[in-house]
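Student: Take this structure first; my questions come after.
The values are calculated or read from the model by the stated rules, or taken from the named source; none is laboratory data. Here the structure is a predicted model, which is why all the values come from computation and not from measurement. Cβ: placed from backbone, ideal geometry, glycine included. Neighbour counts: every protein chain shown.
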Amino acid sequence: MLKMTYKIARAELKMLFYSPVAWLLLIVFAVQSAMMLTGIFETYVQNTRLGGRLMNLSMNTFAGRGGLFVQLQGYLYFYIPLLTMGLVSKELSSGSIRLLYSSPVTNLQIILGKYAAVMVYGLLMIALLFACALYANFTIQDFEFPAILTGLLGLYLLVCAYAAIGIFMSSLTAYQIIAAIGTLAVFIGLSLVGRYGQQYDFIRDVTWWLSINGRVGEFVNGMVCSEDLLYFLIVIALFLSLTVIRLNAVRQKVRLPVTLGRNAGVILLSCLLGYFSSRPQFMSYHDATHTKRNTLTPNSQEVVDKMKGGLTITSYANILGSSPWYTTPAFLNPDRERFRQYARFKPEIKLKYVNYYDKAENNAGIERRYPDMTDRERMVKMAEIMKVDSNKFMSPEEIRQVIDLAPEGNSFVRQVVRESGEKVWLRIFNDMRVFPDEAEITAAFKRLVMPLPKVGFLEGHNERDFRKDGDRAYSSFASSRQFRYALMNQGFNFAGVRLNERVPEDIDILVIADMFTGMTPDEWTRLQEYIDRGGNLFILGEPRRREVMKPLFATFGFAMTPGTLVREDSLRLPDIMGTRITPEAGELTYQLQEIRVGRGQVAIVNAAGLAPVEEKGFAITTVARTDSVTWNEMETTHFTDEDTVRLNPAAGESMGSRAVIVALSRQVGEKEQKVILSGDADCLSNSAGRLGIPYAANFQFTTAAFCWLSDGRAPIDVRRPPLTDNQILIGEPGLQWMKASLLYALPLALFAAAILIWIRRKGR
């Protein structure tokens, strides 16, 4: 069988390359690929000459939004129909198929031979792309060749799948143009099939699997997934089998019902294989990227590994909320992809979806649009617009019997429930990304299996409130449910603490922020007991509360400097400024280092400097300092647009850089005690980032500070190894050589090969 298949493939390959169409397609493909690649490198060279930064060049060149492989996916389906349209149809139109039928070859051998010839041609197309990758390998520092080879594999499988479809369509008609058009129609059908049958679970899974859209995406991004690999193999086997059945029906004059039954059986078997291959428990993966960008980080894997037993993630979607689209069936399969990396390590994760309607915090727009309707009438109207069944929405009374979503504002939210009963919320956020990333998902999962650091906020002295929004509030901690960087979404627990009793043992960090009134002797005793046992603290003062906060700072050997820090600035009030993270602070946590390297600033408002006054046994690290043109304003205390401040040494004012935030640490028994002191209480406020300070990084600073205070237990560290392919090794002359070789020399070489073969054929 193999010998006869080889002979047919060889003969078909000769005929293919005797045809000018095959050479023309190859030359056009080479020119198109070279134009795309040289265009990408031209952008790199220009960016380098302008002093711009380049990063992750390997994946950006081939797998980025405008990458070579990503662009070519949109053009491949134009090439294959022109190549396959005559493979069988020309035999049918010329009558040569009868000679094949009369020879001792089977239809399977005929089809496999012709298909093998197209596979070889496809290899030549991939070889041209390999040449592009090889060139990039020598022109990009630390090029990620394994990940790019994975992308080449995906594109080759796509070519092979297209070829199998093309051969099948060619077997249906004697007209080559009709075969080409039919092949394109099937390509379009496979692209659109994922949109149909979405309202039925099993059909949705099957049609989603049948869709060819995005199948190469995983390969191009450096990931080999068994589901995608088997998809292409099954599609290839399916259409080749249908082609053999078609030829057998003609050759053996098989009755139509039998042929239809065989076709149905092959299609059904393919769908079943596809369905089971897409089940998480049967899937395997290989991440070829250097940073394992397609795989959960080790910290996330550790958390997932601790979640023994079943896990159910239920999504509650309110059609009267801000995101009614989340209630449609078309949302479901793309949404499941968001948890694919987690399902890889925990296949038993179950995803459930519940649709309901109720008043939401953010549905005022719907009420204005339909002012004279009840909530049910609004739901029916919205369901009609969204083309979903209104009978599948739970009423407010029904959903409240299942779960109380009022604390979450009746907005879209997920609840993660372990088999053992533990529950946690998983939210979406009011930003461009909307859905939680790995850090937020893993932080929610960690709540189910590990103790999280608990932050206590001192109450009873009119301190800053961590539960509310406003000028004297820290909403970035626990009240902003849909703020991504709120520490409640990054793996911290919160509680109010009063010193009328002992500070609870489970408090890991105690925050004392901007007290209006001082502590009683009993409160001081309880606070000192917490300090003596090695408890961590974050103390934030304000110049206006200097006397109240003075004993707290003195406990750790520091004092708030006199006056208010100001600087002359025509763009903002003088007491609003940015502070820089110091190099030594960058060694405390990686987040502080990232802020420093990225030239980020911590915005402060009406702050005082900090100065050491007594040795208390702490190692001292200055975290943030002002610049050298700052001074301590003693005469003006309330700053308005009409005020003009001037340095007055006679009033005790002096110019110079001052520490505003310091970190202290010492050993207490077996524990390292950590304390952060700040001369500004607004550095943790949500409003600090809206003060017009360039590169304000207060959210990142908040995360960094509490990461250090919690000994790195939160937030989840999802960093990956640094990317090193951040430099191109060619300039303008090298770019010209690249164009000459890929854009001109290579196509000319292919053209010369075509002429030589044509001359040899004529000579024979």
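Student: Only one residue in 755, 716, 676 is touching a strand residue (DSSP E or B) at 6+ places or on another chain (Cβ under 7 Å) and not assigned by TED's automatic domain parsing to the domain that holds residue 303, so which one is that? Give the derivation first.
Tutor: Numbers: 755 fails: touching a strand residue (DSSP E or B) at 6+ places or on another chain (Cβ under 7 Å); 716 fails: touching a strand residue (DSSP E or B) at 6+ places or on another chain (Cβ under 7 Å).
Of 755, 716, 676, the one residue that is touching a strand residue (DSSP E or B) at 6+ places or on another chain (Cβ under 7 Å) and not assigned by TED's automatic domain parsing to the domain that holds residue 303 is 676.
Student: Also, I was wondering about something else. Since residue 560 meets every condition but one in (1) in contact with a helix residue (DSSP H, G or I) (Cβ under 8 Å, 6 or more places away or on another chain); (2) under 30 Å from residue 713 (Cα atoms), which condition does it not meet?
Tutor: (2)
Student: Let me ask something additional. Taking the stretch 410-424 as the search range and keeping residues that are outside any strand (DSSP E or B) and touching a residue at least 12 places away in the same chain (Cβ under 8 Å), which one is nearest to residue 325 (Cα to Cα)?
Tutor: Filtering first and then ranking leaves 412.
Student: Looking at (1) assigned to a strand (DSSP E or B); (2) at pLDDT below 90, which one does residue 257 not meet, given that it meets all the others?
Tutor: All conditions are met except number (1).
Student: Something else: Report yes if some residue within the stretch 200-214 is polar (S, T, N, Q), at pLDDT below 95 and surrounded by fewer than 18 Cβ atoms within 10 Å (Cβ to Cβ); otherwise report no.
Tutor: Checked the stretch 200-214: at least one residue is polar (S, T, N, Q), at pLDDT below 95 and surrounded by fewer than 18 Cβ atoms within 10 Å (Cβ to Cβ).
Student: Still on this structure: Inside the stretch 263-358, counting only strands (runs of 3 or more DSSP E) that do not spill past its ends, which hold 1 or more residues that are more than 22 Å from the chain's Cα centre (by Cα)?
Tutor: Those strands (runs of 3 or more DSSP E) span 311-318, 349-356.
Student: Additional query: I'm checking my understanding of the structure. Among residues of the stretch 390-409 that are modelled with pLDDT of 90 or more and in a loop (DSSP other than H, G, I, E, B), which one is farthest from residue 196 (Cα to Cα)?
Tutor: This residue is 404.
Student: If you check 371, 347, 407, 324, which single one turns out to be over 30 Å from residue 295 (Cα atoms), touching a residue at least 12 places away in the same chain (Cβ under 8 Å), outside the structural domain of residue 279 (by TED's automatic domain parsing) and not acidic (Asp, Glu)? Let's see the steps before the verdict.
Tutor: Working: 371 fails: touching a residue at least 12 places away in the same chain (Cβ under 8 Å); 347 fails: over 30 Å from residue 295 (Cα atoms); 407 fails: touching a residue at least 12 places away in the same chain (Cβ under 8 Å).
Testing whether each residue is over 30 Å from residue 295 (Cα atoms), touching a residue at least 12 places away in the same chain (Cβ under 8 Å), outside the structural domain of residue 279 (by TED's automatic domain parsing) and not acidic (Asp, Glu) leaves just 324.
Student: If you scan the stretch 620-650, which residues turn out to be surrounded by 12 or more Cβ atoms within 10 Å (Cβ to Cβ), among the aliphatic types (A, V, I, L, M) and not in a strand (DSSP E or B)?
Tutor: Residues satisfying the conditions are 629, 634, 645, 647.
Student: Name the pairs whose Cβ atoms lie under 7 Å apart, with the first residue in the stretch 514-530 and within 17 Å of residue 544 (Cα to Cα), the second of a type in the set (Val, Ile, Thr), and 6 or more positions between them or separate chains?
Tutor: Listed pairs, sorted by first residue: 515/548; 516/548; 517/548; 518/548.
Student: Okay, moving on. Exactly one of these conditions fails for residue 695: (1) touching a strand residue (DSSP E or B) at 6+ places or on another chain (Cβ under 6 Å); (2) at pLDDT 90 or above. Give me its number.
Tutor: (2)
Student: In the stretch 359-370, which residues are surrounded by fewer than 16 Cβ atoms within 10 Å (Cβ to Cβ) and either in a helix (DSSP H, G or I) or at positive phi (or both)?
Tutor: Hits for the stretch 359-370 are 364, 365, 367, 368, 369.
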